[in-house]
Each structure stands twice: as structure tokens, then as C-alpha cells.
Amino acid sequence: MTPHESGTGTAAEETHRLAVELDLLKARVSRLEQQVRSLAEANLALARGMEANPLEEPDQTRPEHSARLAHELLLAAGLVPPKAEPE
């Protein structure tokens, strides 16, 4: 039960509480949108690395480079933790 429902809060307090909650939700949505953009960039990097142009010579390093780029994009976005260094 909210303070407003219990009769102990004022309309202004309830409005402020809702405004704060809305701001938090907007921040979460913004963060999720950024994560989706980062995932799309990483996916595009992988797809480009896997595409083969029939006029080009086969290149074994292209998929490896694309996978590395996709991983770096995910790292930069904070979506994956960095690898632990071997001991």
C-alpha cells in the first residue's frame, strides 16, 4: 500500500514518488536500448565475417577477425566480462 492509498501522503508526495520511479524506468530502458544496439553491432560484425563474396579468394582469417571484433564490441559495452588471465 502506498502512502497515498493509506491517506498518509499528499498528492505532491505521490507525484514526486511516481516521477522518481518513472526516471528510474527511463534509465533502465535507455540502458537496455544501448545494450541492444551493442548486440546488433556485434552480430553484424559476425555476419560480415561469415559472408563470402563469390569473387573473393577464401580467407580463413576473416571469420577470426570478425569474432575478435564482435568480442571487443561486447567487452566495450560491458556485456561480457573480460577473460581471466591464465595463472
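Coordinate-derived values only; no laboratory data. Since we're looking at a predicted model, the values are computed, not measured. Cβ placement follows ideal geometry from the backbone for every residue including glycine, while neighbour counts extend to all protein chains displayed.
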Relative counts (whole %) of C-alpha pair distances in the stretch 40-87, using bins that are 5 Å wide: 5, 22, 23, 19, 15, 9, 5, 2, 1
Helix 11-50 axis, angle to the chain major axis (alpha carbon atoms, nearest 10°): 10
Nearest-ten-degree value, helix 61-76 long axis tilted from longest Cα axis of the chain: 20
DSSP-assigned coil residues among GluC sites (Glu not before Pro) in the stretch 10-82, each with at most 15 further Cβ atoms within 10 Å: E51, E56
E33-E57 FRET efficiency (beta carbon distance; Förster radius 35 Å; 0.05 resolution): 0.35
Assigned charges on the beta-carbon of Lys, Arg, Asp, Glu; the chain dipole about Cα centre (debye): 140
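Work out, step by step, the length gained on full extension between E21 and A40: first 0.36 nm times the residue separation, then minus their alpha carbon distance; give nm to one decimal. If you can, show how the numbers build up before the last one.
On the way: separation 19, 0.36 × 19 = 6.84 nm, distance 2.86 nm.
Stretched fully, the E21-A40 segment lengthens by 4.0 nm.
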Along principal axes, Cα extents of the chain, largest first, whole Å: 74, 41, 16
